[in-house]
There are 2 protein chains.
Amino acid sequence: MPTLILDKRTQLIETALSLFYERGIHAVGINEVLKTSGIAKKTLYSYFSSKEELIAATVEYRSRLFLNWLQSQIAEVDPGRASIERIFSSLDDWINERVELLSPFKGCFFINTSAEYNRHDCNIYGQCRTHKQQVCELLLQQCRIIQSEEKAAQSLNTSLSLLVEGAIVRAHVMGDKQAAQQAWTTAQVLIAAP
Amino acid sequence: MPTLILDKRTQLIETALSLFYERGIHAVGINEVLKTSGIAKKTLYSYFSSKEELIAATVEYRSRLFLNWLQSQIAEVDPGRASIERIFSSLDDWINERVELLSPFKGCFFINTSAEYNRHDCNIYGQCRTHKQQVCELLLQQCRIIQSEEKAAQSLNTSLSLLVEGAIVRAHVMGDKQAAQQAWTTAQVLIAAP
DNA sequence: ACACAAGTAGACAGGTTGGTCTATGTGTTG
DNA sequence: CAACACATAGACCAACCTGTCTACTTGTGT
C-alpha cells in the first residue's frame, strides 16, 4: 500500500523537522527521532541511506510547507500592494505564533540550518539558498506589479527582502515580536517613495 | 606570570571562536579545539569548568571584538549621518572580507549561535540577545543625532536595524555580497523621508 | 639547589553517536 | 494455508563525545 509507505516516511520527516527546528540539527540524534516518532531504526534506513539524507528531505519538506503557506496567503488578496502587505502581516502571524502549521516560532529554519551547514559544497546549504531565492522571487512578482520598470521592481524587491529577513532575525534573536509590523511600516515608506 | 595565564586562556578562546564560527558549535568538539590550539586538556579544564563555559567566554569575546571594531569605525567619522553611513560601509567591508579581524565571513556569530541555543532559559542565548541590543543601541545613538524627536529616532533605529540584520542574512544565506550596499541605498531613502 | 606553579601528553571512564544486522511479528494476497 | 513485503525491537559496532586523572616536563624565584 503506497500511502502507508509514504506515511512512515512523512512521519519521520515531520518528527525530524519538529525536533531539528526546535533544537538544531546537530543537537538531535537519529535515536531521538526514532523514539519520538515510534518508528524502528531499520525502517528509517530503508527510506534514507543516512542522517544527511533525512536532513535533506526535512529541509525540502519545510521549504514546500512554507512556500505553499505563503502562496496561499497571497492568493487570498489582490496582486501588488495588497499582496505585499499580506506578506508582512503573514510574517507577523508567524512570529506571533498564530499559524499552527509553523509553530512554535524559532526563527527561520533555513537561516538556522545555514548556521550549521555553511560549507559551499554542502547541498543542504544549497537547499537553504534555493528556498530563500524562491521566497524572494515570490516577492519580486508582486513588486513588478507596483513598479512597472524592471530595475525599480528589483530594487524594491531587494529592499523589502532585507526588511523581511531583518524582521525574522529581530523577532528570533532579540525577541522583538513587533518586528514584522515595524518592517511593514518601513516598507510603506519605500513603496510610496519616488 | 599573569600575562602567560591570560595567553593560554585567550588562545583557547580564539581557537574555539574560529572553529565555532566556521562550522557551528555542536559540530566542534573539545578535542578539536585542543588539537588545533596545541593546548592540553587539563589546561583547558583549569580555566573553564565545562565546554558550556568555554562557549560563553567565546561568545563574550566575539561580542567585545565586534563592538570594539564597530565603535572604532564610527569614531573615525562625524556623529550622525556620516556614522550611520560608516556602519553600512563597515558592514560591506565585513561581508566582503576586507576586515581581517572578522574573516572569513560566515554570517553573524550571534544569529548562528542563537540557532543552536535558543531555549529562553539558556544564558548563551541571552548573551546573543544582549549583543544585538548593544549593536542596536550604538545605532540608536546616531539616529538620535539626526532625529531630534525621540520617537522618530527610535523608529528610524528599528528600520535601520532591520536593514542591517537583513543584509547580514542575505549575504550569508543567499550569497548576496552587495546586500550591505543595497541596505544603505534603502536606508538613505528612510533618512531623507519626512 | 630546590620548591612550586603551570604546562604537556594522553590513558581512561561512561555515555552518545550514526549505522548494521538479526530475530520476530503482522497483515495482505494468491 | 503459505508466501510475501513491511514493520518492530533492540543488540551490537566502531567512533566519538565530555570530563577526570596520573605521570612527566618545564621555567621561575628564593
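For the protein assembly as shown, what does the accessible surface come to per residue with a 1.4 Å probe? Please give it in Å².
Numbers: 17700 Å² over 388 residues.
Here the residues of the protein assembly as shown average 46 Å² of exposed surface.
For the range B:60-76, in order, what is each residue's ³J(HN,Hα) by Karplus, 6.51 cos²θ - 1.76 cosθ + 1.60 with θ = phi - 60°, in whole Hz (x at glycine and Pro)?
Calculated HN-Hα couplings, in order: 4, 4, 5, 4, 4, 3, 5, 5, 4, 4, 4, 5, 5, 5, 5, 4, 7 Hz.
Between the range A:119-190 and the range B:9-47, what's the alpha-carbon centroid distance in Å?
One Cα centre to the other: 36 Å.
Counting other C-beta atoms within 10 Å, and keeping those with at most 13, which DSSP coil trypsin sites (Lys or Arg not before Pro) do you find in the range B:117-147?
B:R119
Tell me, what % of the accessible area of the range B:53-194 is carbon and sulfur with a 1.4 angstrom probe?
Numbers: 2790 of 5830 Å².
Solvent-exposed carbon and sulfur of the range B:53-194 make up 48 percent of the total.
Could you state the principal axis extents of the C-alpha atoms in the range A:86-194, from the largest down, to the nearest angstrom?
That works out to 40, 33, 23 Å along the principal axes.
Please compute one quarter of the surface area of the Cα convex hull for the range B:1-70 and express it in square nanometres. Each step should come with its number before you reach the end.
Details: hull surface 19.4 nm².
Computing the convex hull of the Cα atoms and averaging its projections yields 4.8 nm².
What do you get when you divide the Cα radius of gyration of chain B by 2.2 N^0.38 Å, with N the number of residues?
Numbers: Rg = 18.3 Å, N = 194, 2.2 N^0.38 = 16.3 Å.
Output field value: 1.13.
Once you have all Cα-Cα distances for the protein assembly as shown, histogram them in 20 Å bins from zero and send the whole-percent values.
27, 56, 17, 1
Ignoring GluC sites (Glu not before Pro) that are buried or in helix or strand per DSSP, and keeping those with at most 15 other beta carbon atoms within 10 Å, what is the longest stretch of chain B between them? Intermediate results must be reported in sequence, preceding the final value.
Values: sites that count: B:E76, B:E97, B:E149.
Longest stretch, sites excluded: B:1-75.
How much mean residue ellipticity at 222 nm does chain B get from its helices, if each DSSP H run of length 4 or more adds -39500 (n - 2.57) and you divide by all residues, to the nearest 500 deg cm²/dmol? Walk me through the intermediate numbers first.
Numbers: 9 runs with 143 residues, N = 194.
Estimated from H runs of four or more residues: -24500 deg cm²/dmol.
Sequence gap of 8 or more, or different chains, plus Cα separation below 16 Å: how many lysine pairs satisfy both in the range A:2-192?
Numbers: A:K8/A:K35; A:K8/A:K41; A:K8/A:K42; A:K8/A:K51; A:K35/A:K51; A:K41/A:K51; A:K42/A:K51; A:K106/A:K177.
Step by step, the pairs that qualify in the range A:2-192 add up to 8.
The values are calculated or read from the model by the stated rules, or taken from the named source; none is laboratory data. Please read all numbers here as calculations on a predicted model, not as lab measurements. Cβ sites come from the backbone with ideal geometry, for glycine too, and all protein chains shown count toward neighbours. Just so you know, the surface numbers come from the protein's heavy atoms only, side chains and all, with ligands and any DNA or RNA stripped out. Shrake-Rupley method; radii C 1.70, N 1.55, O 1.52, S 1.80 Å.
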